[in-house]
There are 2 protein chains.
Amino acid sequence: MTARGFERSEYEGRLARAQALMDAAGLGALLLTTEPEIRYFTGFLTRFWESPSRPWFLIVPASGQPVAVIPSIGAALMAKTWISDIRTWPAPRPEDDGISLLAATLDEVADGPVGIPSGPETFLRMPQADFARFQAKTARSLRDDAGITAQLRAVKSDVEIAKIGHACEIAARAFARVPEIAAPGVPLSRVFRGFQALLLDEGADWVPYLAGGAGPLGYADVISPADDTPLARGDVLMLDTGAVWDGYFCDYDRNFAIGAPDPRVSASHTRLIEAAQAGLEAARPGAMACDVHRAMADICGAGEGAGRLGHGLGMQLTEGLSLTAQDRTELVPGMVITLEPGIDTADGCILVHEENIVIRPGRAEILSPWADALPVLD
Amino acid sequence: MTARGFERSEYEGRLARAQALMDAAGLGALLLTTEPEIRYFTGFLTRFWESPSRPWFLIVPASGQPVAVIPSIGAALMAKTWISDIRTWPAPRPEDDGISLLAATLDEVADGPVGIPSGPETFLRMPQADFARFQAKTARSLRDDAGITAQLRAVKSDVEIAKIGHACEIAARAFARVPEIAAPGVPLSRVFRGFQALLLDEGADWVPYLAGGAGPLGYADVISPADDTPLARGDVLMLDTGAVWDGYFCDYDRNFAIGAPDPRVSASHTRLIEAAQAGLEAARPGAMACDVHRAMADICGAGEGAGRLGHGLGMQLTEGLSLTAQDRTELVPGMVITLEPGIDTADGCILVHEENIVIRPGRAEILSPWADALPVLD
């Protein structure tokens, strides 16, 4: 049984690594505003981020402990983490929504320029008008965080990997039970609701992501919600989930034939498994993201023109590197990634397959677990 | 049966109202980057926003139709909406993640300064480094959107209200079935998983939010995830959900006594229902948010010092006005709000109760539906 939470040493290690990188980058502090960034350094885990009404801040100084500058509604939960310096204001307070408290705290604890995550996949979770007010108030200069936060998060500890693996196992058990909820005549929307319930029943804490589709030769995209169209014999059904356990995601899919599949679907599915296998073989320390992409794209038949065929995975559904022809990120042990090859089966119709792996010395370790033949539901 | 989606006229009305306000504010276009803002004008509904890897843009020009500037992965789904001008790039492409396409499109379709939502509850969903690049590329001047987007979204159409009402009914049926999943000895984490499954079984598309707590005299906060502590006789259990149907939220809670409740809990619960009733009576057109707050705070015993006792509700779990002592927003028919009074029952322990209503001429209409006596589970 994987335990919830982390030992204090996990957070101390993250902080020490961040401070070493801040020292090298000449930064006096990091200023963080988003859920995964703040949780990475604190363990603060709540679904309350769904509410846009309040900004939250964490200051990670170049030396010393992180300081949380947060709405008072979060004080009790933050006090359960390892963070001891917690400063609050009664948010929402539009005329000063933590801005003066944040500026005063930052000026107190940061000695030098302050890095804010500003690169790919980041955003600043506070109103732009408030950010302008904050810039006018703080005595510190603000700049990019030099990618420190993203760099640290890209390589997972073994306890993080265990949580992702646990989420993958939950999804594996739910995928094995899809015959309970999907059959010819069942509306896709009911399949989606049923699959989420299976994930919860198998132990997911929550299900932030489910997409998929169904059609004779595949589906138009991999991001659509369900409609009420009933499954029909001859369809291929795809379910792609990001289920969460203790704050960590799995992200993989499975295809199912509804009745006997079209031979083109069977052949494409076999090709996708082969592509994922090639990706698995290529995903070794020292290889680059683009190498793994090419290994899969060559088999899928799209070559360099293939889009993103996988990505990093962890506290977010997608994070970090992209398996594209352009991404030259070097793989290192501890990176958790998805392999997500796709094939165009017909005009406007695709088939995709996805697995989750972790980079290890030598061959990668499979987390999802690996799919084989296309299951038939009838 | 409430229908999914909206007629085209719903979007045409939103666009016409936005363009009238843009004209008055001297804006040549709105530039939108977040899920609810883009969905409000397009109907683009997907859970793919869970992935932070790609920015999405919508330009709403002062005249003419909206233009979507989006990653190619979204083209098929966006083409199902009423939007016809869809421009794509192969994201993620870190070296130019839609920035040059966005700047060129904006310069083409916007005649005048461009408004970006920058006030309370907004954020800019793109990397700050990309925003700086975009500012350098566009010939248009950028400014605040004068609150236009928030102002429009605050007042719901009857078809929007029907969707929120539908989500409320789903939650009502799930709350009625809580005795199936909660009893003395059941871990809170299992109750949370089971309640989400009930919401799905009753028709929720997905469950983006569930919080709650349990303890003899209440709970420490209303934002915590569940732990594995078993429910015990004498606890009061609270479940607070934001369940979604067709992109619209409910947001209300229910309390349950696990075995016979402490008399202080029963009395507090009765008081909370009275407070919500006072809020309901006060929530009439022409009243201000602070008036509704005071009506409830007076009964809860906290007076002016009480925190936020409710908020707007719709495409997001919380949006728009706050029921605080400071918020002077005037209530108008069509605003959907929560009434969320709270009481301190003991040191560090609270009891909260929440209902959803819509402002109507005269007395507000109840959507949640209204709770009465504290149910006992044994």
**Q.** Residue that is in a strand (DSSP E or B), within 14 Å of chain B (Cβ to nearest Cβ) and farther than 16 Å from A:G259 by Cβ, where the choices are A:L198, A:L210
**A.** A:L210
Q | Within the range A:347-377, tally of residues that are within 14 Å of chain B (Cβ to nearest Cβ) and either under 14 Å from A:S266 (Cβ atoms) or loosely packed, with under 15 Cβ neighbours inside 10 Å (or both) | A | 2
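Taking the range A:264-275 only, how many residues are more than 18 Å from A:D327 (Cβ to Cβ) and either surrounded by 20 or more Cβ atoms within 10 Å (Cβ to Cβ) or among the β-branched types (V, I, T) (or both)? It would help to see each step written out before you state the result.
Pass one, the range A:264-275, residues more than 18 Å from A:D327 (Cβ to Cβ): A:264-274.
Going one step further and asking which of them are either surrounded by 20 or more Cβ atoms within 10 Å (Cβ to Cβ) or among the β-branched types (V, I, T) (or both), we end up with A:265, A:268-270, A:272-273.
Number of matching residues: 6.
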Q.
Looking at the range A:144-187 only, could you name the residues that are free of Cβ contacts under 8 Å to residues at least 60 places away in the same chain and more than 24 Å from A:E202 (Cα to Cα)?
A. A:D144, A:G147, A:G185
Q: Among the helices (runs of 4 or more DSSP H) lying completely within the range A:108-188, list those that include at least 3 residues that are under 30 Å from A:A260 (Cβ atoms).
A: A:158-176
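Here are B:A75, B:A104: which of them is in contact with a strand residue (DSSP E or B) (Cβ under 7 Å, 6 or more places away or on another chain), surrounded by fewer than 17 Cβ atoms within 10 Å (Cβ to Cβ) and either at the interface with chain A (Cβ under 9 Å from one of its Cβ atoms) or on the phi < 0 side of the Ramachandran plot (or both)? Reasoning before the result, please.
On the way: B:A104 fails: in contact with a strand residue (DSSP E or B) (Cβ under 7 Å, 6 or more places away or on another chain).
When all the criteria are applied, what remains is B:A75.
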Q | Top-ranked residue of the range A:109-132 - restricted to ones that are away from chain B (no Cβ under 11 Å) and farther than 30 Å from A:I359 by Cβ, ranked as modelled with the lowest pLDDT | A | A:D111
Q) What number of residues within the range A:132-145 are more than 15 Å from A:A25 (Cα to Cα) and in contact with a strand residue (DSSP E or B) (Cβ under 6 Å, 6 or more places away or on another chain)? A) 1
Q.
Out of B:P230, B:P333, B:P261, I need the residue that is surrounded by fewer than 24 Cβ atoms within 10 Å (Cβ to Cβ) and in contact with a Gly (Cβ under 7 Å, 6 or more places away or on another chain). Which one?
A. B:P230
Q: Output yes when any residue across the range B:164-175 is over 30 Å from B:V332 (Cβ atoms) and outside the structural domain of B:V67 (by TED's automatic domain parsing), and no when none is.
A: yes
Q: List every residue pair whose Cβ atoms lie under 7 Å apart, where the two residues are 6 or more positions apart in sequence or sit on different chains, the first residue falls within the range A:208-232 and is closer than 29 Å to A:G247 by Cα, and the second residue, located anywhere, is of a type in the set (S, T, N, Q) and part of a strand (DSSP E or B).
A: A:Y209/A:T241; A:L210/A:T241
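Okay, residues lined up against (1) in contact with a Lys or Arg (Cβ under 7 Å, 6 or more places away or on another chain); (2) under 24 Å from A:E169 (Cβ atoms); (3) free of Cβ contacts under 8 Å to residues at least 40 places away in the same chain:
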position	(1), (2), (3)
A:G310	no, yes, no
A:L313	no, yes, no
A:T329	no, no, no
A:G334	yes, yes, no
A:I337	no, yes, no
A:I343	yes, no, no
A:D347	no, no, yes
A:I350	no, no, no
A:E355	no, yes, no
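Rundown of residues vs (1) at the interface with another protein chain (Cβ under 9 Å from one of its Cβ atoms); (2) among the charged types (D, E, K, R); (3) at positive phi, yes/no style:
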| site | (1), (2), (3) |
| --- | --- |
| B:L31 | no, no, no |
| B:E35 | no, yes, no |
| B:Y40 | no, no, no |
| B:L45 | yes, no, no |
| B:G64 | no, no, yes |
| B:V67 | no, no, no |
| B:T81 | no, no, no |
| B:P94 | yes, no, no |
| B:I99 | no, no, no |
Q. How many of the residues in the range B:154-173 are under 12 Å from B:Y248 (Cα atoms), surrounded by fewer than 19 Cβ atoms within 10 Å (Cβ to Cβ) and touching an Asp or Glu at 6+ places or on another chain (Cβ under 7 Å)?
A. 1
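Take the conditions among the small types (G, A, S), more than 11 Å from chain A (Cβ to nearest Cβ), closer than 30 Å to B:G43 by Cβ and not in a helix (DSSP H, G or I) and apply them to B:G320. Does it pass?
no
One line per residue, one yes/no per condition, for (1) under 17 Å from A:E355 (Cβ atoms); (2) out of contact with any Ser or Thr (no Cβ under 8 Å at 6 or more places or on another chain); (3) assigned to a helix (DSSP H, G or I):
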| residue | (1), (2), (3) |
| --- | --- |
| A:A260 | no, yes, no |
| A:R264 | no, no, yes |
| A:H269 | yes, yes, yes |
| A:L272 | yes, yes, yes |
| A:Q277 | yes, yes, yes |
| A:P285 | no, yes, no |
| A:C290 | no, no, yes |
| A:R294 | no, yes, yes |
| A:I299 | yes, yes, yes |
Q | Residue in the range A:269-277 that is touching a strand residue (DSSP E or B) at 6+ places or on another chain (Cβ under 7 Å) and within 12 Å of chain B (Cβ to nearest Cβ) present | A | no
Q. Hey, any hits in the range A:346-369 for a residue that's under 25 Å from A:P179 (Cβ atoms), part of a loop (DSSP other than H, G, I, E, B) and at pLDDT below 95?
A. yes
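Quick grid of which residues meet (1) at pLDDT 95 or above; (2) closer than 24 Å to A:K163 by Cβ; (3) in a loop (DSSP other than H, G, I, E, B):
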position	(1), (2), (3)
A:F192	yes, no, no
A:A204	yes, yes, yes
A:D221	no, no, yes
A:A226	no, no, yes
A:G242	yes, yes, no
Q) Restricting the search to the range A:213-240, which residues are more than 10 Å from chain B (Cβ to nearest Cβ) and β-branched (V, I, T)? A) A:T229, A:V236
Q: Could you please let me know if A:G98 is within 26 Å of A:F6 (Cβ to Cβ) and without any contact (Cβ under 8 Å) to a residue 60 or more places away in the chain?
A: no
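The values are calculated or read from the model by the stated rules, or taken from the named source; none is laboratory data. For clarity, every value in this text was computed on a predicted model and none was experimentally measured. Don't worry about glycine lacking a Cβ; one is built from the backbone with ideal geometry, like all the others, and counts go over all protein chains shown.
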